[in-house]
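What follows is a short report on a single structure.
The values are calculated or read from the model by the stated rules, or taken from the named source; none is laboratory data. Since the model is a prediction, treat every value here as computed from it, not as a measurement. Neighbour counts run over all protein chains shown; Cβ positions are idealised from the backbone, glycine included.
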Amino acid sequence: MPANLPPQYLEAERRYRQAKHHPEKIRVLEEMLALIPKHKGTEKLRVDLKRRLSKLKTELERRPATKRGSGIFVDREGIGQVVLVGAPNAGKSALVRSLTNARPEVAPYPFSTRKPLPGMLEFENVKIQLVDLPALSPELVEGWVVGIIRNADLILWVVDLGSDDLLEQVDATEKILMQAKIIPGGATDRREVTEPGQVYIRTLMIGNKVDLPEAADRFLILQEHVGGRFSLLSGSAIAGTGLQEIRHRLYDALEVLRVYTKAPGKAAEIAHPVVLPRGSTLLQAADAVHKDFAAKLKYARVWGSGKFEGQRVHREYLVQDGDIIEFHI
Ligand SMILES: Nc1nc2c(ncn2[C@@H]2O[C@H](COP(=O)(O)OP(=O)(O)OP(=O)(O)O)[C@@H](O)[C@H]2O)c(=O)[nH]1
Ligand SMILES: [Mg+2]
């Protein structure tokens, strides 16, 4: 690996390796080309990036339209993709509006949302993608909506605490999900996914519109109905109640951790966390920073976890949220 690649480049490269679809890969590769320092030491890498870019572009053009289904999907951005699911008028769009930079239409009538709209939620030093979706309703289930939900990391299920029909709505939504072989579940209840084509997606349920009269009573009814199958919380998109709790719980439910890299004698890159699945090892962290790192790793020092102050750790060390790591290769 050429020396002195800037952290922004390494961060983009990490996103490149996580990218699932061609358009996203192309965009990140272009970003990497713009970020890479232009000198002799990076020449080979720059040639390689350009080669990869042109290959992806050709593949994208040649790909038959049918292969991309309806063509409606949302490129992943940030540390995880969360889809908003629920009955018409529950307040999905209002929540996306109050939690992210996106500005979906919010309207007092059902089925106002027709297309997916992604927005970015900021939580501390990371960003989480929320995707506003059309309502799930027995009268109209579009294939591409199901496709987007299946591909998500997390479901944010919005329930209308202003409605007397909330339990019927919950059941109707669940039925549609199950028919699409999407199994919504909590953290501990990882039900066996045995049928072919079934996917399990972790789910956080929010009772929205808690500002309305009788909403508190309806929340208790909802709680009883759900019976601990999902994490459940209440809030109000319009009054702004419970939003910080939602941010926290979304981050938590994504089950990731953040570590920071530092060069010897320099400060840690606190603004650029390396985001990894919980339970990752030091070696996996090295691999996430750069594909050569894991192979070339001699040793690493760690600060953090409440017990390390620059000690050497072994390759199988389970990295902890907040660890600062100095890789020596
Ligand atoms: N009082 C109150 N009203 C809310 C709240 N959140 C949403 N609303 C209202 O509920 C209605 C529906 O909100 P939307 O955000 O459009 O609902 P949606 O789930 O996106 O609806 P569809 O896209 O049609 O499925 C609007 O009139 C909102 O102003 C809330 O927290 N409190
Ligand atoms: Mg909407």
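What to note about this one:
- So G228, is it under 20 Å from T100 (Cα atoms), not in a helix (DSSP H, G or I) and not hydroxyl-bearing (S, T, Y): no
- Number of residues in the stretch 70-101 that are among the small types (G, A, S) and more than 12 Å from ligand 1 (Cβ to nearest atom): the value is 4.
- When residues of the stretch 212-247 are limited to those that are among the β-branched types (V, I, T) and surrounded by fewer than 18 Cβ atoms within 10 Å (Cβ to Cβ), the one farthest from ligand 1 (Cβ to nearest atom): I221
- Out of V302, V289, sole residue that is among the β-branched types (V, I, T) and closer than 16 Å to R17 by Cβ: V289
- For the stretch 103-136, the set of residues classified as over 14 Å from I149 (Cα atoms) and within 12 Å of ligand 1 (Cβ to nearest atom) consists of R103, P104, E105, V106, A107, P108, Y109, P110, F111, S112, T113, R114, listed by residue number.
- For T113, the conditions (1) of a type in the set (S, T, Y); (2) under 17 Å from the mean Cα position of the chain (by Cα); (3) under 29 Å from L212 (Cα atoms) all hold with the exception of (2).
- Residue that is within 17 Å of the chain's Cα centre (by Cα) and among the β-branched types (V, I, T), where the choices are V226, V199: V199
- Count - residues of the stretch 123-145 that are touching a Lys or Arg at 6+ places or on another chain (Cβ under 8 Å) and of a type outside the set (V, I, T): 8
Quick grid of which residues meet (1) more than 16 Å from ligand 2 (Cβ to nearest atom); (2) at pLDDT 90 or above:
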{"residue": "K25", "(1), (2)": "yes, no"}
{"residue": "E30", "(1), (2)": "yes, yes"}
{"residue": "R46", "(1), (2)": "yes, yes"}
{"residue": "L56", "(1), (2)": "yes, no"}
{"residue": "R76", "(1), (2)": "yes, yes"}
{"residue": "V85", "(1), (2)": "no, yes"}
{"residue": "N89", "(1), (2)": "no, yes"}
{"residue": "A94", "(1), (2)": "no, yes"}
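- In the set P213, P277, P264, only one residue is within 25 Å of I79 (Cβ to Cβ) and either without any contact (Cβ under 8 Å) to a residue 60 or more places away in the chain or touching a strand residue (DSSP E or B) at 6+ places or on another chain (Cβ under 8 Å) (or both); that residue is P277.
Yes or no, residue by residue, for (1) closer than 27 Å to L318 by Cβ; (2) of a type outside the set (S, T, Y); (3) assigned to a helix (DSSP H, G or I):
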site: L220; (1), (2), (3): no, yes, yes
site: T241; (1), (2), (3): no, no, no
site: Y251; (1), (2), (3): yes, no, yes
site: L257; (1), (2), (3): yes, yes, no
site: I270; (1), (2), (3): yes, yes, no
site: G279; (1), (2), (3): yes, yes, no
site: L283; (1), (2), (3): yes, yes, yes
